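Novice: Got a structure here, written out as structure tokens. Questions coming.
Nothing in this text is a laboratory measurement; each read-out follows from the coordinates by a stated rule. Bear in mind the structure is a predicted one, so any value in this text is a computation, not a measurement. Don't worry about glycine lacking a Cβ; one is built from the backbone with ideal geometry, like all the others, and counts go over all protein chains shown.
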Amino acid sequence: MPTIHLTTVIHAPMERVFDLSRSITLHKRSMAHTGEEAIKGRLSGLISLNETVTWRARHLGKTREFTSRITDMRGPEYFCDEMEHGDFKYLRHEHHFKQIENGTVAIDVMEFEAPYGWIGRMVVKFYLANYMYKLLEQRNTVIKDYAETEKWRVVLE
């Protein structure tokens, strides 16, 4: 099963980074290039423990829906979302936050598995793992931009 590890240093307080990472509004902005929108469950604000959100977006040439649930949360250090419905066979995304002297280290650990047996494994190996890494990287770039500037206020206040 592929695992993506992404570490991002953000020069902002851990509580702010934690909240921005849970923001439905900011997630939509970070995935604007896919037309991503929340269509069921938590539609705005900060998602919390046991809440779900269903996203609709265009990925890999097709409109897709994906429902995830926050299955664990120990704020502001950690939360985890897991797929309940979607195109993956399995997807779990852990969000870890560690306070450092000049800000926060955000660590994403995402495990996923594609359906379709060996064909799915080949798609993951040669394309999907890199695609998912780039989506996470883009999302974290937007979180970093908002957290390190006054933009965070329009999302969290």
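Novice: Considering only residues that are over 11 Å from the mean Cα position of the chain (by Cα) and in contact (Cβ under 8 Å) with a residue 60 or more places away in the chain, which ones fall in region 76-106?
Specialist: Passing the criteria: Pro76, Glu77, Tyr90, Phe97, Lys98, Gln99, Ile100, Asn102, Gly103, Thr104, Val105, Ala106.
Novice: Sort out which residues of region 110-134 are among the β-branched types (Val, Ile, Thr) and either touching a strand residue (DSSP E or B) at 6+ places or on another chain (Cβ under 6 Å) or more than 27 Å from Tyr78 (Cβ to Cβ) (or both), and write them in order of number.
Specialist: Once the filter is applied, which keeps residues that are among the β-branched types (Val, Ile, Thr) and either touching a strand residue (DSSP E or B) at 6+ places or on another chain (Cβ under 6 Å) or more than 27 Å from Tyr78 (Cβ to Cβ) (or both), region 110-134 yields Ile119, Val123.
Novice: Turning to a different aspect of this structure: Identify all residues within region 114-140 that are surrounded by fewer than 17 Cβ atoms within 10 Å (Cβ to Cβ), polar (S, T, N, Q) and touching a residue at least 40 places away in the same chain (Cβ under 8 Å); write none if there are none.
Specialist: Once the filter is applied, which keeps residues that are surrounded by fewer than 17 Cβ atoms within 10 Å (Cβ to Cβ), polar (S, T, N, Q) and touching a residue at least 40 places away in the same chain (Cβ under 8 Å), region 114-140 yields only Gln138.
Novice: While we're here: Of the conditions (1) on the phi < 0 side of the Ramachandran plot; (2) surrounded by 14 or more Cβ atoms within 10 Å (Cβ to Cβ), Thr149 clears all except one; give me its number.
Specialist: (2)
Novice: Tell me the residue from Glu148, Glu94, Glu137, Glu157 that is acidic (Asp, Glu) and in contact with a strand residue (DSSP E or B) (Cβ under 6 Å, 6 or more places away or on another chain), please.
Specialist: Testing whether each residue is acidic (Asp, Glu) and in contact with a strand residue (DSSP E or B) (Cβ under 6 Å, 6 or more places away or on another chain) leaves just Glu94.
Novice: Mind checking which residues of region 28-75 are without any contact (Cβ under 8 Å) to a residue 60 or more places away in the chain, of a type in the set (D, E, K, R) and over 20 Å from Glu94 (Cα atoms)?
Specialist: Correct list: Glu36, Glu37, Lys40, Arg56, Arg58, Lys62, Arg64, Glu65.
Novice: Answer with yes or no whether Leu91 is of a type in the set (A, V, I, L, M, F, W, C) and under 17 Å from Ser21 (Cβ atoms).
Specialist: Spelling it out, Leu91 is indeed of a type in the set (A, V, I, L, M, F, W, C) and under 17 Å from Ser21 (Cβ atoms).
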